[in-house]
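**Q** Let me give you the structure first, and then I'll get to my questions.
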Amino acid sequence: MLVEMVDSQAKGIVHSAESRKFVAPLALTLFVWIFLMNSMDLIPVDWLPWAAGFAGVEHLRVVPTTDVNVTFAMALSVFLLTLYFSVKIKGGWGFTKELILQPFNHWAAVPFNFALEGVSLIAKPISLSLRLFGNLYAGELIFMLIALLGVWQLPLHFGWAVFHLLIVLLQAFIFMMLTIVYLAQAHEHH
């Protein structure tokens with residue numbers, strides 16, 4: 001079901017069958033990877049650090065996506081793939097023309113176009129990484145606050161875990177969809 005869901009999303013956005021051979025498996029991998037990393041937040045927040053303390057580890061961050069370095073590395077890899085396919089499909093000059101001649105196709109607007117498109121290009125990996133990081137970090141903080149309640153944490157932990165499961169799925173889906181969209185834009189000819 002998951003493979004069909006990702007494949008249907010990729011078919012709706014990426015029109016070239018050749019391009020989908022790369023984009024769909026990448027999107028599926030990112031979805032599953034992010035879902036599994038985010039799902040680690042459903043383990044009670046004090047159990048893994050407590051177990052790691054016995055192994056001599058003083059500080060353990062349970063959920064990898066609550067570290068901005070992890071989310072930025074994933075977003076940067078998507079960004080580099082987007083740049084690679086943009087240059088490969090459109091050519092170096094075609095990609096440059098896309099940066100300097102859009103939205104206004106006039107030589108006098110080149111500096112404005114480049115500034116506008118440059119900000120748009122750089123904003124993609126930053127927003128992709130910070131969206132995932134911020135939502136999961138906030139969820140982990142709420143789990144930590146619930147853990148401070150001691151014995152009374154279990155009913156609240158269960159309630160937040162059910163809601164958080166929706167957030168985990170949604171964030172994995174959003175990252176996957178934006179990856180498909182960015183790579184589809186890279187594969188489009190103008």
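**Q** In terms of Cα to Cα distance under 16 Å, which lysines are near enough to residue 97, apart from those fewer than 8 places away along the same chain?
**A** In chain and number order, the partners are 88.
**Q** Excluding ligands, DNA and RNA, what is the solvent-accessible area per residue of the chain at a probe of 1.4 Å, expressed in Å²?
**A** Numbers: 10950 Å² over 190 residues.
With the other protein chains kept in place, the chain gives 58 Å² per residue.
**Q** Efficiency by 1/(1 + (r/R0)^6): what FRET value for residue 57 and residue 97, r their Cβ-Cβ distance, R0 = 45 Å, to the nearest 0.05?
**A** Working: r = 52 Å, r/R0 = 1.16.
The computed FRET efficiency comes out at 0.30.
**Q** Only residues of region 50-94 count here: report those whose backbone N is under 20 Å from the spot 7 Å along Cα→Cβ of residue 174, or say none.
**A** 63-79
**Q** Starting from 0.36 nm per residue, how many nanometres of slack lie between residue 158 and residue 145 once their C-alpha separation is accounted for?
**A** Value of the extension gain: 3.3 nm.
**Q** Of the heavy-atom accessible surface of the chain (probe 1.4 angstrom), what whole percent is carbon and sulfur?
**A** Working: 8080 of 10950 Å².
The nonpolar share, carbon plus sulfur, comes to 74 percent.
**Q** Working out 0.36 nm times the residue gap between residue 2 and residue 22, then minus their Cα-Cα distance, what length gain in nm do you get to one decimal?
**A** That works out to 5.5 nm of additional length.
**Q** Then there's this: For P(r) over Cα pairs in 5 Å bins from 0, in percent, the listed values are (1) 1, 7, 15, 17, 16, 16, 14, 9, 3, 0; (2) 1, 6, 11, 14, 14, 10, 7, 7, 8, 7, 7, 4, 2, 1, 0; (3) 1, 7, 14, 15, 15, 13, 10, 8, 6, 5, 3, 2, 0, 0; which was obtained by calculation from the structure presented?
**A** (3)
**Q** Could you work out how far helix 110-147 tilts from the main Cα principal axis of the chain, as a 0 to 90 degree angle to the nearest 10?
**A** 10 degrees
**Q** Now a separate question. Run down the aspartates and glutamates and flag those whose C-alpha is under 20 Å from the C-alpha of residue 11, throwing out any fewer than 8 positions away in its chain.
**A** The reachable aspartates and glutamates, counting only those whose Cα sits under 20 Å from residue 11, are 188.
The values are calculated or read from the model by the stated rules, or taken from the named source; none is laboratory data. All values reported here derive from a predicted model rather than from experimental measurement. A quick note on method: Cβ atoms are made from the backbone with ideal geometry, for glycine too, and the neighbour counts reach across all protein chains shown. Just the protein is used for accessible areas: all its heavy atoms, side chains included, with ligands, DNA and RNA removed. Shrake-Rupley method; radii C 1.70, N 1.55, O 1.52, S 1.80 Å.
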